[in-house]
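Step one of this worksheet: look at the structure below.
The values are calculated or read from the model by the stated rules, or taken from the named source; none is laboratory data. All values derive from a computational prediction rather than experimental measurement. Glycine also receives a Cβ, built like all others from the backbone with ideal geometry; neighbour counts cover every protein chain displayed. For the accessible areas, the whole protein counts, side chains as well, though only heavy atoms, and no ligand, DNA or RNA atoms are used. Shrake-Rupley method; radii C 1.70, N 1.55, O 1.52, S 1.80 Å.
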Amino acid sequence: MTTPPNPLQDVPSHIHTLLNRLHAESLAQETALPADAFQASNFHEVMRDKFIALDQDKCHFIYQLCRSINAKTIVEAGTSYGVSTIYLALAVAANVAATGGKGTVVGTEYEANKAEQARAYWRECGGVVEDLIDLREGDLRETLKEDVAEVDLLLLDIWTPMALPTLQLIQPKMRYGAIVIADNTVKSGVKYKELLDYLRAPQSGFTNLTLPYSNGLEMSVYLPQGQ
Ligand SMILES: C[S@@+](CC[C@H](N)C(=O)[O-])C[C@H]1O[C@@H](n2cnc3c(N)ncnc32)[C@H](O)[C@@H]1O
């Protein structure tokens, strides 16, 4: 069997090794979760030390997408231990190296222990990752209010009640053609109802497509009329 192509071909091997290890740890944690973990009354307690990292194939797709639109400002709603953030930072670093300018990935995390460990993983990757991430600790409804440049891509990998408030906070900063990615939109379609209704409303300014990744991955493009 041939190995599927990996868009991160120029990335140093120690970063690949770290990413593979972190994805494996995340998957092992998720496999061990009880079936009702996402509905449980102690949800926040249970999730306090869980990765819940974005699946690796989705990370590869988003990396590829970020390269194709030359994304240099990315907002990530839900950073956890910073796995998907590494892909975003690598894409922004490659875009800056190729076409110049500056780049930032704005991460968001309200669990202090996760933020601290995420920073350690980014340090392990090196400056190509660490130097590009602006991690905002605390509730993203506060931390994203200020100082966000024009946004090329918004990744919504967050508990579902936060998805629409985050989009509404970031939308005024989004450039024409900016992309919004939301994870698990098929499996959690009911919980995402408000977000999906908002994105899919006539005149919303978004075109929408549900990609057939595991549990669904919504890709929306911001194309407001009159701009
Ligand atoms: C699905 S995980 C993110 C996984 C991450 N994107 C990755 O691939 O490694 C969602 C994270 O969002 C954080 N979170 C949830 N609500 C938040 C809020 N209001 N402000 C900041 N972080 C929040 C949770 O603590 C959790 O770590």
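Some observations on this one:
- Computed helical MRE - 222 nm, the chain, DSSP H runs ≥ 4 contributing -39500 (n - 2.57), nearest 500: -12000 deg cm²/dmol
- Cα-centre dipole for the stretch 91-227 with unit charges at Cβ (Lys and Arg positive, Asp and Glu negative), debye to 20: 420
- A cut-off of 5 Å between modelled amide H atoms, ignoring neighbours fewer than 5 places along the same chain, links Arg175 with Val151.
- Relative contact order %, the stretch 13-222, counting alpha carbon pairs below 8 Å whose residues are six or more apart: 16
- For the stretch 13-222, the equivalent ellipsoid built from the Cα gyration tensor has semi-axes of 23, 23, 16 Å, listed from largest to smallest.
- Between the stretch 200-222 and the stretch 58-88, the alpha-carbon center distance in angstrom: 17
- Helices meeting the span-like rule in the chain (full DSSP H runs, Cα extent of at least 15 Å along the helix axis, mean Kyte-Doolittle score of -0.5 or higher): 13-32, 83-99.
- GNM top mover of Val128, Val105, Val75 - the chain, alpha-carbon springs below 10 Å: Val128
- Accessible surface area normalised per residue over the chain is 49 Å², counting heavy atoms of protein chains with a 1.4 Å rolling probe.
- Considering only Ser220, Ala115, Asn6, the residue lying farthest towards the positive end of the dipole of the chain is Ser220, judged by Cα position with unit charges set on Cβ.
- Exceedance of the 22 Å cut-off in Cα-Cα distance is limited, within the set Lys58/Lys191; Lys50/Lys102; Lys145/Lys173; Lys58/Lys102; Lys72/Lys145, to Lys50/Lys102; Lys58/Lys102.
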